[in-house]
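Asks: Before I ask anything, here is the structure I am working with.
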Amino acid sequence: MNDPVMHARVADLYTRYSETLCDLKIADWPEYFTDICLYRVVSRPNHDRGQLIGPMFAENKGALKDRVVAIRETLVYSSRSLTHLVNGVRIVSSEESTLRTRSMLAVYQTLIDGTTQLQLVGRTFDAIDASGPELKFRERVVVFDTELLAGALVYPV
């Protein structure tokens with residue numbers, strides 16, 4: 001796809017998404033998705049074997065909102081800040097109002113004691129709904145490179 005305006009819109013979506021997570025505006029996170037959506041975080045070994053088991057999974061925006069409530073009200077975890085670095089965002093294909101996109105990412109978390117650690121590195125395989133004025137993720141699959149994560153995955157990726 002050689003539409004520079006659409007490329008800029010997709011890049012902006014990824015940037016705003018990352019900023020929302022880095023700023024810990026977790027209540028805004030589900031608004032980046034369509035009502036019927038798929039969100040999955042899975043290890044590369046499981047992904048390569050076709051096993052869909054991973055630390056996060058949701059099949060609609062309601063499940064994403066449930067995750068927000070769990071983070072805010074029920075989960076017990078150490079305070080932390082996040083930095084999401086996203087690179088290599090590209091549109092792989094376009095079919096009607098759906099864009100298939102990919103990106104590479106690294107997520108760092110800094111715990112309350114000041115220790116920063118690399119939490120995960122990986123890639124995303126996304127489907128973006130481009131039918132409306134605002135781009136939204138219809139599907140977001142985050143594939144992290146390792147079998148295990150460094151620490152608990154509290155916040156979405």
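Asks: Take THR110 and decide whether it is over 18 Å from GLU139 (Cα atoms), part of a strand (DSSP E or B), in contact with a Cys (Cβ under 8 Å, 6 or more places away or on another chain) and not charged (D, E, K, R).
Replies: Spelling it out, it is not the case that THR110 is over 18 Å from GLU139 (Cα atoms), part of a strand (DSSP E or B), in contact with a Cys (Cβ under 8 Å, 6 or more places away or on another chain) and not charged (D, E, K, R).
Asks: Something else about it: For LEU64, are the conditions met, namely being closer than 12 Å to PHE137 by Cβ and either over 16 Å from the mean Cα position of the chain (by Cα) or part of a helix (DSSP H, G or I) (or both)?
Replies: Yes: the conditions hold for LEU64.
Asks: Give the stretch 125-137 a look and list any residue that's closer than 23 Å to ILE71 by Cβ and either surrounded by fewer than 20 Cβ atoms within 10 Å (Cβ to Cβ) or basic (Lys, Arg) (or both), or say none.
Replies: Within the stretch 125-137, LYS136 is the sole residue that qualifies.
Asks: Related question: Restricting the search to the stretch 95-107, which residues are touching a residue at least 12 places away in the same chain (Cβ under 8 Å) and not in a loop (DSSP other than H, G, I, E, B)?
Replies: THR98, LEU99, ARG100, THR101, ARG102, SER103, MET104, LEU105, ALA106, VAL107
Asks: Output the residues belonging to the stretch 32-45 that are over 21 Å from THR110 (Cβ atoms) and buried (at least 16 other Cβ atoms within 10 Å of the Cβ).
Replies: TYR32, PHE33, THR34, CYS37, LEU38, TYR39, ARG40, VAL42, SER43
Asks: Determine the pairs where a residue that is under 24 Å from GLU134 (Cβ atoms) and free of Cβ contacts under 8 Å to residues at least 40 places away in the same chain, located within the stretch 33-62, has a partner that is assigned to a helix (DSSP H, G or I) and among the hydrophobic types (A, V, I, L, M, F, W, C) with Cβ atoms under 6 Å apart, the partner being 6 or more residues away or on another chain.
Replies: ALA58/LEU64
Asks: Next question, about the same structure. So how many residues does the stretch 4-31 have that are crowded, with 16+ Cβ neighbours inside 10 Å, in contact (Cβ under 8 Å) with a residue 24 or more places away in the chain and among the polar types (S, T, N, Q)?
Replies: Of the residues in the stretch 4-31, 1 are crowded, with 16+ Cβ neighbours inside 10 Å, in contact (Cβ under 8 Å) with a residue 24 or more places away in the chain and among the polar types (S, T, N, Q).
Asks: I would also like to ask the following. Suppose we filter SER93, SER79, SER97 for residues that are exposed (fewer than 12 other Cβ atoms within 10 Å of the Cβ) and in contact with a Lys or Arg (Cβ under 7 Å, 6 or more places away or on another chain); which single one remains?
Replies: Matching residue, one of SER93, SER79, SER97: SER93.
Asks: Still on this model: Return a yes/no flag: does the stretch 117-132 have any residue that is among the hydroxyl-bearing types (Ser, Thr, Tyr) and assigned to a strand (DSSP E or B).
Replies: yes
Asks: Okay, next question. Among the residues of the stretch 23-40, which ones are within 11 Å of LYS136 (Cα to Cα), of a type in the set (D, E, K, R) and not in a strand (DSSP E or B)?
Replies: GLU31
Values in this text are rule-based calculations from the coordinates and carry no lab data. Since we're looking at a predicted model, the values are computed, not measured. We place every Cβ from the backbone using ideal geometry, glycine too, and count neighbours over all the protein chains shown.
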